[in-house]
Amino acid sequence: CLDEEGKVHEFDSSWRTKNCDDCSCSRTGIGCCTSYMRPVDYDKEKCESIFSKETCSYKVVEKDDHSKECPVHSWVG
């Protein structure tokens, strides 16, 4: 399989992209999906979500103080 970056992958192999997608190669082609959960139910007026490509995860923190995490009631992925 040839991925979007032009790299060749063997059949039945899997990898994580630089955009945090988990991909796999089969004889029918490449399939990819996100490797992370996205926060959807939190106080959006007081808080903001920040994505880290290093950890492939979101953190939800107060807009005025990023050292304080906010509770998240629901995630999707």
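Can you count the Lys pairs in the chain whose Cα atoms are under 16 Å apart, with each pair 8 or more apart or on different chains?
Taking the chain as the scope, the lysine pair count is 9.
Restricting attention to the chain, give the cysteines that have no other cysteine Cβ less than 4.7 angstrom from their Cβ.
Within the chain, the cysteines lacking a partner Cβ under 4.7 Å are C33.
Could you work out the relative contact order of the chain? I mean the mean sequence separation of Cα pairs under 8 Å and 6+ apart, divided by the number of residues, in percent.
Numbers: 132 pairs, mean separation 17.8, N = 77.
In percent, rounded to a whole number, it is 23.
Once fully extended, how much extra length lies between S52 and S24, figured as 0.36 nm per residue of separation less the alpha-carbon to alpha-carbon distance?
Length gained, S52 through S24: 7.8 nm.
Could you work out the mean projected area of the convex hull around the alpha carbons of the chain, in square nanometres to one decimal?
6.1
Just the number, please: carbon plus sulfur as a percent of the accessible area of region 2-42, 1.4 Å probe, no ligands or DNA/RNA counted. Present the calculation step by step, with values, prior to reporting the outcome.
Numbers: 1380 of 2980 Å².
Result for region 2-42: 46 percent of the exposed heavy-atom area is carbon or sulfur.
Test of understanding: what is the full-extension gain from S35 to V76, defined as 0.36 nm times their sequence separation minus their Cα-Cα distance?
Value of the extension gain: 13.7 nm.
Can you compute 3J(HN,Hα) from phi for each residue in region 60-73, using the Karplus curve 6.51 cos²θ - 1.76 cosθ + 1.60 with θ = phi - 60°, rounded to whole Hz and x for Gly and Pro?
My calculation for region 60-73 gives 10, 10, 5, 4, 8, 8, 5, 7, 9, 7, 10, x, 10, 9 Hz in order.
Accessible area per residue, 1.4 Å probe, Å², for region 24-77: what's the number?
That works out to 72 Å² for each residue.
The values are calculated or read from the model by the stated rules, or taken from the named source; none is laboratory data. From a predicted model like this one, the values you see are computed outputs, not experimental measurements. Ideal geometry is used to build each Cβ from the backbone, glycine not excepted, and the neighbour counts take in all protein chains shown. Side chains included, ligands, DNA and RNA excluded: accessible areas come from the protein's heavy atoms. Shrake-Rupley method; radii C 1.70, N 1.55, O 1.52, S 1.80 Å.
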